[in-house]
Amino acid sequence: MLRRLTPLLGKIAALAAIYLIVLALIGTGTINDYLVITIVTIGINIVLAVSLNLITGFTGQFSLGHAGFMAIGAYTTALMTKAYPNIWAFLGGLLLGACIAAVVGLLVGLPTLRLRGDYLAIATLGMAEIIRVLLTNFKFTNGAAGLSGIPRFVNWTWLFVFVLLAIVLIGNFIRSMHGRDLIAVREDEIAASSIGVNSLRAKTLAFVVGAFFGGLAGGLYSSYFFVIKPDIFSFQKSIDILIIVVLGGLGSLSGSVIAAILLAIISSALQSFPEVRMILYGLILVVIMVFRPQGLMGDREVTLSALRRLIPHSDDIRQAMSKRRRQGEAAQP
């Protein structure tokens with residue numbers, strides 16, 4: 001029993017340490033406002049990337065509509081918190097926005113997921129553009145000017161909780177029976193159907209779950225950055241999320257997390273070169289994908305057992321030192 005609990009306790013201890021260290025650094029001012037914005041951006045991108053990875057990486061459906069789901073969550077949370085500026089409206093807005101995004105994902109997924117490849121990408125891109133145009137023309141969303149003065153409720157604690165929640169829930173979903181159906185559909189849809197897997201239901205479920213967490217990420221975004229406009233959720237935003245997923249590795253949640261952090265670091269490091277920033281950014285991506293086309297992690301995950309193999313065990317160190325001592329004694333005359 002204790003042996004089974006040890007890995008779980010190790011993960012909890014590591015996560016608690018990360019949370020407390022960052023909280024202390026923010027509290028003491030060691031992490032300034034610019035770095036806090038970078039951390040929040042990384043957290044939101046992680047939620048977006050792992051949710052899109054569920055659709056694209058684990059199910060094999062090429063979607064370019066994730067910015068649309070993010071926009072639904074962002075506007076729903078913003079409207080709720082502007083009308084009722086309290087923590088319960090914030091939490092309710094996050095949940096409501098994520099649920100509306102999931103419903104839209106269901107309505108869009110049922111007819112479009114019968115398509116494949118580029119046709120599905122075009123259909124989901126069209127869906128995201130429809131959402132953006134509607135938000136631009138609705139009066140209650142303030143049109144193209146967007147919404148401003150949105151109360152801020154997102155801090156390091158809430159960000160950490162929701163990012164961790166998204167990773168854990170999506171990870172458990174992938175390891176469930178439904179997740180195995182998704183992977184079977186990705187590998188060979190015809191073979192999966194022949195053994196009783198309902199491919200349309202599996203793809204639709206992945207689309208709904210991915211849309212839910214995409215809406216959640218949008219709510220976190222609007223509740224931290226005060227201002228949202230329809231142009232923020234354009235086609236380019238969907239491409240940015242897709243880059244994180246592909247760079248990290250299709251079918252790897254760990255890869256999405258690592259890629260989101262790495263791209264944020266690269267982008268911050270290139271701030272000193274505004275004239276050639278995007279050129280260098282694109283060049284770095286090209287070099288990485290040329291030498292690592294399967295992504296940083298491929299379809300593998302980072303686990304505690306993998307980390308232990310990278311860190312020498314105390315017994316191994318002791319044996320190595322003993323071996324060197326014996327070799328030294330044998331070499332003496």
Cβ pairs under 6 Å, 6+ apart, first in the range 232-260 and closer than 16 Å to Met127 by Cα, second outside any helix (DSSP H, G or I) and not polar (S, T, N, Q): Ser238/Leu64
Yes/no for Ser238 being of a type in the set (S, T, N, Q) and within 30 Å of Gly143 (Cα to Cα): yes
The range 31-42 residues that are of a type in the set (A, V, I, L, M), paired with ones that are in a helix (DSSP H, G or I) and modelled with pLDDT under 85 (beta carbon under 9 Å, 6 or more apart): Leu35/Ser268
Residue check for Phe90: assigned to a helix (DSSP H, G or I) and either surrounded by 18 or more Cβ atoms within 10 Å (Cβ to Cβ) or at negative phi (or both): yes
Filter result (modelled with pLDDT under 90, part of a helix (DSSP H, G or I) and of a type in the set (Gly, Ala, Ser)) within the range 18-38: Gly27
Selection within the range 14-59 - among the hydroxyl-bearing types (Ser, Thr, Tyr) and surrounded by 12 or more Cβ atoms within 10 Å (Cβ to Cβ): Tyr19, Thr38, Thr41, Ser51, Thr56, Thr59
Check on Ala192, more than 30 Å from Thr77 (Cβ to Cβ), out of contact with any strand residue (DSSP E or B) (no Cβ under 6 Å at 6 or more places or on another chain) and buried (at least 20 other Cβ atoms within 10 Å of the Cβ): yes
Some residue of the range 68-81 being polar (S, T, N, Q), farther than 23 Å from Val47 by Cα and over 20 Å from the mean Cα position of the chain (by Cα): no
Lone qualifier among Val209, Val163, Val197, Val168 - being among the β-branched types (Val, Ile, Thr), surrounded by fewer than 15 Cβ atoms within 10 Å (Cβ to Cβ) and out of contact with any Ser or Thr (no Cβ under 6 Å at 6 or more places or on another chain): Val168
The range 228-251: number of residues that are over 13 Å from the mean Cα position of the chain (by Cα), modelled with pLDDT under 90 and outside any helix (DSSP H, G or I): 1
Residue in the range 5-13 that is basic (Lys, Arg), surrounded by fewer than 24 Cβ atoms within 10 Å (Cβ to Cβ) and either closer than 30 Å to Phe138 by Cα or touching a residue at least 12 places away in the same chain (Cβ under 8 Å) (or both) present: yes
All positions within the range 137-166 that are within 25 Å of Ser234 (Cα to Cα) and within 15 Å of the chain's Cα centre (by Cα): Leu159, Phe162, Val163, Ala166
Filtered residues of the range 251-269 (kept if surrounded by fewer than 21 Cβ atoms within 10 Å (Cβ to Cβ) and touching a Phe, Trp or Tyr at 6+ places or on another chain (Cβ under 8 Å)): Ile266, Ser267
Top-ranked residue in the range 270-326 [being basic (Lys, Arg) and either part of a helix (DSSP H, G or I) or touching a Phe, Trp or Tyr at 6+ places or on another chain (Cβ under 9 Å) (or both); ranked as modelled with the highest pLDDT]: Arg277
Any hit, the range 62-81, residues being out of contact with any helix residue (DSSP H, G or I) (no Cβ under 8 Å at 6 or more places or on another chain) and without any contact (Cβ under 8 Å) to a residue 60 or more places away in the chain: no
Matching entry among Ala184, Ala144, Ala166 (being among the aliphatic types (A, V, I, L, M), closer than 25 Å to Leu20 by Cβ, in a helix (DSSP H, G or I) and in contact with a helix residue (DSSP H, G or I) (Cβ under 7 Å, 6 or more places away or on another chain)): Ala166
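If I go through the range 84-100 residue by residue, how many of them are within 12 Å of Gly214 (Cα to Cα) and not small (Gly, Ala, Ser)?
4
The values are calculated or read from the model by the stated rules, or taken from the named source; none is laboratory data. Since the structure is predicted, the reported quantities are computational estimates derived from the model, not experimental observations. Note that each Cβ is placed from the backbone with ideal geometry, even for glycine, and that neighbours are counted across all protein chains shown.
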